[in-house]
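Engineer: Okay, here's the structure, questions in a sec.
The values are calculated or read from the model by the stated rules, or taken from the named source; none is laboratory data. Model, not experiment: these values are computed from the prediction. We place every Cβ from the backbone using ideal geometry, glycine too, and count neighbours over all the protein chains shown. Calculation scope for accessible area: heavy atoms of the full protein, side chains included, ligands and nucleic acids excluded. Shrake-Rupley method; radii C 1.70, N 1.55, O 1.52, S 1.80 Å.
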Amino acid sequence: MSDAKVLLEVNNLIKHYPVRRGLFGRVSGQVHAVDGVTFSVAPGETLGLVGESGCGKSTTGKAVLKLVEPTGGSINWRGTRIDGLSAAEMRPFRRELQAVFQDPYSSLNPRKSIAAIIALPLRVHGIAGEREKVSEMMELVGLPARLADSYPGQLSGGQRQRVAIARALIMRPEIVICDEPTSALDVSVQSQILNLLQRLRRELGLTYIFISHNLAVVEHIATRVAVMYLGRIVEEAETATLFAAPRHPYTRALLASVLTPDPALGIPDTGLGIAFPNPLDPPPGCRFHPRCGEALPRCSTQAPRRRAVERSTVECHLYEESAP
Ligand code: ADP
Ligand code: MG
């Protein structure tokens, strides 16, 4: 399918990480981090990828950024299949896909000045006009010009994240993959950064994939939401639809967890009991069945297929024609 309205198309993406044990590093298993993920992103939208820690959100983002090599599936960027491209073949597209990660401290070189950090992508690509571009970008993300010669250690967490955003945007990308960009920040600073990202999207015509374990954050920023569970997208819908009429029992449990006292504090308490299942050995059938209050007999043996339910798509046996 090559649709001009689609920027990014991810089809049946699979990423298994080999697990090595012992002195000689023999492979003793595979972590099924991403196991058949399909989605597409249209220009101007913000696709929220949400789910508990360990469900494969970051791995999905890293595969799109080509920071990890997929085990299977395909990734199409503006009609070109990029998953198999070499670094050299990828060069023309590099500028177009940028990222902002959770921890602005570890991703910023502590020995470089703020101006040098923001300018680095320009240097790598041999683009002129560094000084003007950097000061323009600092202004755009709300960093005072006097910070240009400061170092990351002298900045607050929120300012450091603004630096990371400026560095990502200086190449004028088409899409920015934001992986938990506010999760390490104080609650009061989180909303400032979210509002900044919203404004930049409008002003620069950006497209986002916004990864978060926090549904409240995703509800605020995403135009469409994909809910991940153990390496798969189990439900996808426009944001308003997903929050008004969640279909998958897992989505409902996640939404209930948003109502717990402090959703900003890390991993949501989903009220689902027991530990997250082992991605080394995912359950057969529907991966969610061991934790599902509504599981049918077939859920433990047959994997459900993705289907349209009104304006959502859901991977759940409850929505089959023949379901009771
Ligand atoms: P999320 O971002 O949703 O928290 P990740 O994509 O980081 O999830 O991880 C998905 C699963 O893959 C987890 O079980 C995690 O431990 C595992 N994983 C992630 N990166 C690696 C790696 N480099 N090597 C082995 N396992 C990994
Ligand atoms: Mg992650």
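Engineer: Residues in segment 141-159 that are among the hydroxyl-bearing types (S, T, Y) and farther than 13 Å from I117 by Cβ: how many? Don't jump to the end; show me each part of the working.
Structural biologist: Start the filter on segment 141-159 by keeping residues that are among the hydroxyl-bearing types (S, T, Y), which leaves 150-151, 156.
Pick out the ones that are also farther than 13 Å from I117 by Cβ and you get 156.
Result for segment 141-159: 1.
Engineer: Is there a residue in segment 162-176 that is closer than 24 Å to L254 by Cβ, buried (at least 19 other Cβ atoms within 10 Å of the Cβ) and either within 16 Å of ligand 1 (Cβ to nearest atom) or not small (G, A, S) (or both)?
Structural biologist: No, there is no match, as no residue in segment 162-176 is closer than 24 Å to L254 by Cβ, buried (at least 19 other Cβ atoms within 10 Å of the Cβ) and either within 16 Å of ligand 1 (Cβ to nearest atom) or not small (G, A, S) (or both).
Engineer: Restricting the first residue to segment 128-145 and requiring it to be more than 21 Å from G205 (Cα to Cα) and of a type in the set (A, V, I, L, M, F, W, C), which pairs with a second residue that is at pLDDT 95 or above and crowded, with 16+ Cβ neighbours inside 10 Å meet a Cβ separation below 7 Å and a spacing of at least six or different chains?
Structural biologist: Hits for this filter: A145/M138.
Engineer: Quick check on my filter: what residues within segment 63-74 are over 22 Å from Q198 (Cα atoms) and surrounded by fewer than 21 Cβ atoms within 10 Å (Cβ to Cβ)?
Structural biologist: Within segment 63-74, K66, L67, V68, E69, T71, G72, G73, S74 qualify.
Engineer: Still on this structure, I have one more. Checking the condition within 30 Å of L242 (Cα to Cα) and either part of a loop (DSSP other than H, G, I, E, B) or within 11 Å of ligand 1 (Cβ to nearest atom) (or both), which residue from L49, L108 passes?
Structural biologist: L49
Engineer: Test V217 against the stated conditions and say whether it is at pLDDT 95 or above and within 16 Å of ligand 1 (Cβ to nearest atom).
Structural biologist: In short, no.
Engineer: The conditions are (1) under 30 Å from D281 (Cα atoms); (2) open to solvent by 40 Å² or more (accessible area, probe 1.4 Å), and N109 fails exactly one of them. Which is it?
Structural biologist: Exception for N109: condition (1).
Engineer: Still on this structure, I have one more. Would you pick out the residues in segment 9-59 that are within 15 Å of ligand 2 (Cβ to nearest atom), buried (at least 19 other Cβ atoms within 10 Å of the Cβ) and closer than 16 Å to T71 by Cβ?
Structural biologist: If the condition is that a residue be within 15 Å of ligand 2 (Cβ to nearest atom), buried (at least 19 other Cβ atoms within 10 Å of the Cβ) and closer than 16 Å to T71 by Cβ, then K15, V31, A33, V34, V37, G56, S58, T59 are the ones that fit.
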